[in-house]
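Step one of this worksheet: look at the structure below.
The values are calculated or read from the model by the stated rules, or taken from the named source; none is laboratory data. Just so it is clear, the structure is predicted and the values come from calculations on it, not from any experiment. Counting neighbours? That spans all protein chains shown, and the Cβs are built from the backbone with ideal geometry, glycine included. SASA here: full protein model, heavy atoms, side chains in, ligands and nucleic acids out. Shrake-Rupley method; radii C 1.70, N 1.55, O 1.52, S 1.80 Å.
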Amino acid sequence: MATTKITKEQWAESDGYLARLREENANFASAYGRPRYAHTETYGCQQNVNDTERIRGMLKRAGFEFTDDAEKADLVIYNTCAVRENAEQRVFGRLGILKHIKEQRPGMLVAVCGCMVQQEHITEKIKKVHDHVDLIFGTHALWRMPELLYRAIHENGVVVDITDSDGAIAEDVPILRDKDEKAWVSVMYGCNNFCTYCIVPYVRGRERSREPEDIMAEIRCLVKSGTTEISLLGQNVNSYGKDLGLDIDFADLLRMVNDIEGVRRIRFMTSHPKDLSDKLIYTIRDCDKVCKQLHLPLQSGSNKILKQMNRHYTREQYLEKIEKIKREIPGITLTTDIIVGFPTETTEDFYETLDILKAVRYDSIFSFIYSRRVGTPAAKLDFVLKDEEIHRNFDEMLEVQNQICKEKNLEYEGRVETVLVDGVSKTDKNLMTGRTDGGKIVNFRGTPDMQGKYIDILITHAKQWSLEGEIAK
Ligand code: 5AD
Ligand code: SF4
């Protein structure tokens, strides 16, 4: 099935609502002597961060200004995540607090969007329990936000759009990014893999790729405004292009980005191990701008669990790929995702995962306790382990991995690494912070004007989660 695009006419209609809002916001500003303020909060993955950038792009075009303080905002938008229950609970918690704030400021508008509300049972719950919410829209309705917002301002009662549309791609939605030097660029949306624990395919729809010219045009535009690091984004970038019928795969796309003058670093995520080709490994190796870093989610090291997760690879096949990657690209930084406590996981299965952590020695891992998601196949399975046992396993895994992280970081002491400076460190205002080619965080004594620059840093001290260094002579 070919991927369709939102037409220029469809977007023009949406944009028309932004123009109406702009006019209203200008009238508001003259009447009250201040602009209308919007506040956005993002939960979950980079895809959501990228979606929020689009929401902010539209809001800016509609004449809103932004505030970090929800209490001062005229419009609050939560862009939500459905991957695990705790992310959903945090949003419900925030909505509870907002109810009291809105009682003091009745003109305030509250919107909830993203993956969480793409699930019908959640939207029903919000409508029932949180009647102060004015607007609910799902992932497919993002480009229709202008009209929905306009209606929410002018109609009584909650406006809801969680239709699961055809998954068409909207290219014209404006994007407002926080940083100049680094940018996330979506190359595809959705996921076809249906891992049995995961809600993503249900809330984000089927895989659809952006056309290469659209991606290139976006990157060229970013480079013009000073961006040098591009992170390509998709739930499974390794199946990029399959729906386009163009004979261009993700490795080809990486090469095309590598050829763009002005791009200095290229990162990407996420790769599914089953689709990681030799061609991609060679492309990472051979393209000078592609960072030597790979995030390759393992999820579990037990063949039994991998099968029940519908992951389509065995531990042996995974390890073979890792071996090949390490052989072809020595020193590459490796990271992964692990789920502990999948319903049928026994402690023996868990130890097989731990074995792989010890064998691969990842630079870092993102580990999660399994969270039951309504509507996924795994939600029907009974648990083998008790909660305490799952938590004990989880803690044991962190202990093993912490030690590996520290040891891997120690290997950096004495090396000089080129760091793209992100800005002032959040934990110590006297330090600047940045990342190496491999994605390691480096803190060093520098000046704020270094933000956005590439600086050589001599690594002097390895910590658990970061490196410390000084500007190399
Ligand atoms: N419970 C716990 N972790 C999950 N992930 C996806 N679904 C679940 C779930 N139901 C994790 C996977 C995935 C990462 C983004 O989130 O490890 O790679
Ligand atoms: Fe979820 Fe699996 Fe798709 Fe990743 S590949 S988004 S874990 S279904």
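One residue is enough: does the stretch 345-352 have a residue meeting the conditions in contact (Cβ under 8 Å) with a residue 24 or more places away in the chain, crowded, with 17+ Cβ neighbours inside 10 Å and of a type in the set (Ser, Thr, Tyr)? No, because not a single residue in the stretch 345-352 is in contact (Cβ under 8 Å) with a residue 24 or more places away in the chain, crowded, with 17+ Cβ neighbours inside 10 Å and of a type in the set (Ser, Thr, Tyr). Note on the stretch 179-194: among residues that are among the hydrophobic types (A, V, I, L, M, F, W, C) and open to solvent by 20 Å² or more (accessible area, probe 1.4 Å), the one that is farthest from ligand 2 (Cβ to nearest atom) is Trp184. Within 21 Å of the chain's Cα centre (by Cα) and under 30 Å from Gly341 (Cα atoms): does that describe Met309? Here the answer is no, as Met309 does not meet what is asked.
Taking the criterion of being more than 25 Å from the chain's Cα centre (by Cα) and either assigned to a loop (DSSP other than H, G, I, E, B) or among the basic types (Lys, Arg) (or both), the residues of the stretch 90-132 that qualify are Lys99, Lys102, Arg105, Pro106, Gly107, Met108, Lys125, Lys127, Lys128, His130, Asp131, His132. When each of Ala70, Ala87, Ala82, Ala62 is tested for being in the same structural domain as Thr40 (by TED's automatic domain parsing) and closer than 21 Å to Asn27 by Cβ, the lone residue that passes is Ala62. Being in the same structural domain as Phe28 (by TED's automatic domain parsing), buried (at least 22 other Cβ atoms within 10 Å of the Cβ) and of a type in the set (A, V, I, L, M) narrows it down to one of Ile136, Ile199, so name that one. Of the residues listed, the single one that is in the same structural domain as Phe28 (by TED's automatic domain parsing), buried (at least 22 other Cβ atoms within 10 Å of the Cβ) and of a type in the set (A, V, I, L, M) is Ile136.
Quick one: would you say Gly96 is in the same structural domain as Leu148 (by TED's automatic domain parsing) and either open to solvent by less than 30 Å² (accessible area, probe 1.4 Å) or touching a helix residue (DSSP H, G or I) at 6+ places or on another chain (Cβ under 9 Å) (or both)? When the stated conditions are applied, Gly96 passes them.
Residues that are touching a helix residue (DSSP H, G or I) at 6+ places or on another chain (Cβ under 9 Å) and either β-branched (Val, Ile, Thr) or open to solvent by less than 40 Å² (accessible area, probe 1.4 Å) (or both) within the stretch 263-282 comprise Val263, Ile266, Phe268, Thr270, Ser271, His272, Pro273, Asp275, Leu276, Leu280, Ile281, listed in sequence order.
Hey, any hits in the stretch 367-389 for a residue that's under 30 Å from Thr436 (Cβ atoms), touching a residue at least 12 places away in the same chain (Cβ under 8 Å) and open to solvent by 60 Å² or more (accessible area, probe 1.4 Å)? No; the residues of the stretch 367-389 include none that is under 30 Å from Thr436 (Cβ atoms), touching a residue at least 12 places away in the same chain (Cβ under 8 Å) and open to solvent by 60 Å² or more (accessible area, probe 1.4 Å).
Among residues of the stretch 56-75 that are at positive phi, those with a Cβ under 7 angstrom from a residue that is among the hydrophobic types (A, V, I, L, M, F, W, C), sequence gap 6+ or separate chain, pair up as Gly63/Leu21; Gly63/Ala26. The set of residues in the stretch 295-321 that are among the basic types (Lys, Arg) and within 14 Å of ligand 1 (Cβ to nearest atom) contains only Arg311.
Please enumerate the residues belonging to the stretch 326-341 that are open to solvent by 20 Å² or more (accessible area, probe 1.4 Å) and more than 22 Å from the chain's Cα centre (by Cα). Selection gives Lys326, Arg327, Glu328, Pro330, Gly331. Restricting attention to the stretch 282-323, the residues being within 17 Å of Asp437 (Cβ to Cβ) and touching a residue at least 12 places away in the same chain (Cβ under 8 Å) number 12. The set of residues from the stretch 412-439 being touching a helix residue (DSSP H, G or I) at 6+ places or on another chain (Cβ under 7 Å) and open to solvent by 10 Å² or more (accessible area, probe 1.4 Å) comprises just one member, Val424.
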